[in-house]
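Got a structure here, written out as structure tokens. Questions coming.
The values are calculated or read from the model by the stated rules, or taken from the named source; none is laboratory data. Fair warning: this is a prediction, and the values are worked out from it, not measured in the lab. Glycine gets a Cβ as well: all are built from the backbone with ideal geometry, and neighbour counts include every protein chain shown.
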Amino acid sequence: MMTLTRFAGWPVIAGAGLAGLSAALHLDRPCVVLTPGALGEEAASMLAQGGFAAAVGHDDSISLHVADTLAAGDGLCDRKVVETIIGAGPSAIHTLLGWGVAFTRKGSDTLDLHLEAAHSRARIAHVRGDGSGAGIMQALIAQVRNLPRIVVLDGVTLEHIHAVDGRVRGVWLNTGQFIPTNSCILASGGAGALYAGATSPNSNTGRGMAAAARAGAQLADMEFVQFHPTALNVETGGARLPLISEAVRGAGGVLVDETGERFTDELQSRDRVSRAIAGHRSEGHQVFLDARTGKSGKGLKRVFSRQFPGIALSCLHYGIDPDRELIPVRPAVHYHMGGVATDLHGRASLSGLWACGEVACTGLHGANRLASNSLLEAFVMGRSVAWDVNNSPRERHSCQDPDRPVRMGAASFGVQMEKGAGILRDQDGLGALSSYLAPLAGRDDHALVGAAIASAALRRCESRGSHWRIDCQMTARAERFHFTLKDIGLQERSSVYA
Ligand SMILES: Cc1cc2nc3c(=O)[nH]c(=O)nc-3n(C[C@H](O)[C@H](O)[C@H](O)COP(=O)(O)OP(=O)(O)OC[C@H]3O[C@@H](n4cnc5c(N)ncnc54)[C@H](O)[C@@H]3O)c2cc1C
């Protein structure tokens, strides 16, 4: 049976990270959740170390958190979006506590809050030091398992969104089956793993974004790819690079080179620290994080392995003892600010399509995400999407099986992406990348997303936030790019029907 009639008309949520689970839990009706592995597996949400940013400290305020977010975003944040999502932080923490998330406490009724780079206050709520994502996800997974109205299809992913006359009519799955529905909620995560050196799970290659774009939805801010300054610099045989959280630098870890000298301010925003490391490495230096217990005001006050047990285990796995040794680090792709353009309800430009979490682009992060704002966004926007779907009319379904679309490829372009659209970019590199990927975009999802990144980065002839053009300076005009595939000349190559 090609059509899953049992689920006809149900909202279909593609992705079971924090955004997808938040959406599922806040819906008031039966829904289907698609997930490539078991719940939570292969989700960036599960890997989050630092934690969840929210202005809940006694010395903090929403306006300070908003100001820090706007400063990191380098002129491109949407202020209304920032105020709304940041403003929802305290209520999100409240809900998560109610759902059983065991945020680490300081005393009986105060949360222990970490400081992270570019935050003016300690405001990162965390679970077991560096186990924040897993701690939050485990609590939500337990909630989902208790709700029979949420049907989880393990090992199933969304392949295509079927749209007719600008409206979603159903989704095609990797199993070859079709679910007729007017409500598709994309929560399929980011596109970091398109790049060779990335901290993101291997399944985060932007395929949900490709499906939305092929169905005609607008993308936005695609050129802004965030590099985390401190991934563990080890050989992983193609697997993602382990992350050394910003919280380590917040706790006093310092960046040094092979001579033991510091060469940059560790607590600047991510893009600045990443560029400083990339520049230093390009001059032939090796870069390390010194997170040994401080003896002269330098280093951590508490022993690393007690403060960051998960990261310590990752280091030990590669034979590095962070309590006693320097940790080799390099920048790696970590987050994609761009994605499916949405409004504050998570509505995409295609009717019946919502997007939340890293696959979406609300305008919260602008040109550069402030650390730990993404779990907050994933949770809050998952909730907003669900509330919007709850308020939309339930339509009856008359959609017959549409023609089966062609299967898209997903080849590996990691090395080309890093070379052409890495930390330091220029017209020649971006042009070469775009010319290479565009002809492949019609039949390959990775080529499509990579080509969209290259095209937007070529168009932005300025340096701003995470997008650094060595051939263009920052300009006074802060402008965001929203586009469909047609706008960038890719539409004619992207038909999903043979
Ligand atoms: C190592 C690491 C540490 C991080 N630390 C922090 C932190 O401390 N604080 C913070 O705020 N942010 C952090 N981030 C970023 C943050 O984790 C993510 O932005 C956030 O979790 C994204 O949530 P999500 O639900 O949108 O996506 P994800 O959690 O990635 O979930 C998306 C899911 O969708 C699945 N999927 C993909 N394609 C499809 C498809 N076609 N159909 C169905 N399912 C699909 C994916 O496999 C995945 O399981 C970190 C990221 C990484 C990689």
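Say whether the condition of being crowded, with 24+ Cβ neighbours inside 10 Å and either farther than 30 Å from residue 300 by Cα or of a type in the set (D, E, K, R) (or both) is met by at least one residue in the stretch 344-352.
Checking the stretch 344-352: at least one residue is crowded, with 24+ Cβ neighbours inside 10 Å and either farther than 30 Å from residue 300 by Cα or of a type in the set (D, E, K, R) (or both).
Could you tell me which of the residues 60, 78, 68 is within 16 Å of the ligand (Cβ to nearest atom) and crowded, with 16+ Cβ neighbours inside 10 Å? Outline the logic, then answer.
Working: 60 fails: within 16 Å of the ligand (Cβ to nearest atom); 78 fails: within 16 Å of the ligand (Cβ to nearest atom).
It is 68.
Among the residues of the stretch 219-226, is any surrounded by fewer than 24 Cβ atoms within 10 Å (Cβ to Cβ) and under 20 Å from the mean Cα position of the chain (by Cα)? Reasoning before the result, please.
Of the stretch 219-226, the ones surrounded by fewer than 24 Cβ atoms within 10 Å (Cβ to Cβ) are 220.
Next, from what is left, pick out any that are under 20 Å from the mean Cα position of the chain (by Cα): 220.
Yes, the conditions are met somewhere in the stretch 219-226.
Output the strands (runs of 3 or more DSSP E) that fall wholly within the stretch 109-180 and possess 3 or more residues being hydrophobic (A, V, I, L, M, F, W, C), or say none.
Where strands (runs of 3 or more DSSP E) fall fully within the stretch 109-180 and carry at least 3 residues being hydrophobic (A, V, I, L, M, F, W, C), they are 150-154, 158-164, 167-173.
Could you list, in sequence order, all residues of the stretch 354-382 that are within 12 Å of residue 187 (Cβ to Cβ) and more than 12 Å from the ligand (Cβ to nearest atom)?
354 - this is the single residue of the stretch 354-382 that is within 12 Å of residue 187 (Cβ to Cβ) and more than 12 Å from the ligand (Cβ to nearest atom).
Would you check which residues across the stretch 306-362 are among the hydroxyl-bearing types (Ser, Thr, Tyr) and under 15 Å from residue 232 (Cα atoms) and list them? Working first, answer last.
In the first step, residues of the stretch 306-362 are kept if they are among the hydroxyl-bearing types (Ser, Thr, Tyr); the result is 314, 318, 335, 342, 349, 351, 362.
The answer is 314, 318.
Something else about it: Filter the stretch 303-316 down to residues that are in contact (Cβ under 8 Å) with a residue 60 or more places away in the chain and closer than 16 Å to residue 329 by Cβ, then give me how many there are.
4
For a quick check of your reading: which helices (runs of 4 or more DSSP H) sit entirely within the stretch 328-445 and have at least 1 residues that are under 23 Å from the mean Cα position of the chain (by Cα) and closer than 20 Å to residue 52 by Cβ?
373-390
If I ask for residues that are in a loop (DSSP other than H, G, I, E, B), within 16 Å of the ligand (Cβ to nearest atom) and surrounded by fewer than 24 Cβ atoms within 10 Å (Cβ to Cβ), which ones from the stretch 239-261 would you list?
239, 240, 242, 251
Read through the list (1) closer than 23 Å to residue 381 by Cα; (2) outside any strand (DSSP E or B); (3) among the hydrophobic types (A, V, I, L, M, F, W, C); (4) touching a residue at least 40 places away in the same chain (Cβ under 8 Å), then give the number of the only condition that residue 102 fails.
Going through the list (1) closer than 23 Å to residue 381 by Cα; (2) outside any strand (DSSP E or B); (3) among the hydrophobic types (A, V, I, L, M, F, W, C); (4) touching a residue at least 40 places away in the same chain (Cβ under 8 Å), residue 102 breaks only (4).
Let me ask something else about it. Collect the residues in the stretch 127-163 that are under 30 Å from residue 401 (Cβ atoms) and polar (S, T, N, Q), keeping them in residue-number order.
Passing the criteria: only 157.
Exactly one condition in (1) in a strand (DSSP E or B); (2) of a type in the set (A, V, I, L, M); (3) more than 22 Å from residue 52 (Cβ to Cβ); (4) within 16 Å of the ligand (Cβ to nearest atom) is not met by residue 234; state its number.
Result: residue 234 passes all but (1).
Hey, among the residues in the stretch 158-192 that are in contact with a strand residue (DSSP E or B) (Cβ under 7 Å, 6 or more places away or on another chain) and of a type in the set (D, E, K, R), which one's farthest from the ligand (Cβ to nearest atom)?
167
Go through (1) out of contact with any helix residue (DSSP H, G or I) (no Cβ under 6 Å at 6 or more places or on another chain); (2) modelled with pLDDT of 95 or more one by one and return the number of the condition residue 438 breaks.
If we test residue 438 against (1) out of contact with any helix residue (DSSP H, G or I) (no Cβ under 6 Å at 6 or more places or on another chain); (2) modelled with pLDDT of 95 or more, just (1) comes out false.
Could you list, in sequence order, the residues of the stretch 128-138 that are touching a residue at least 60 places away in the same chain (Cβ under 8 Å) and within 16 Å of residue 313 (Cβ to Cβ)?
128, 129, 130, 131, 132, 133, 134, listed by residue number.
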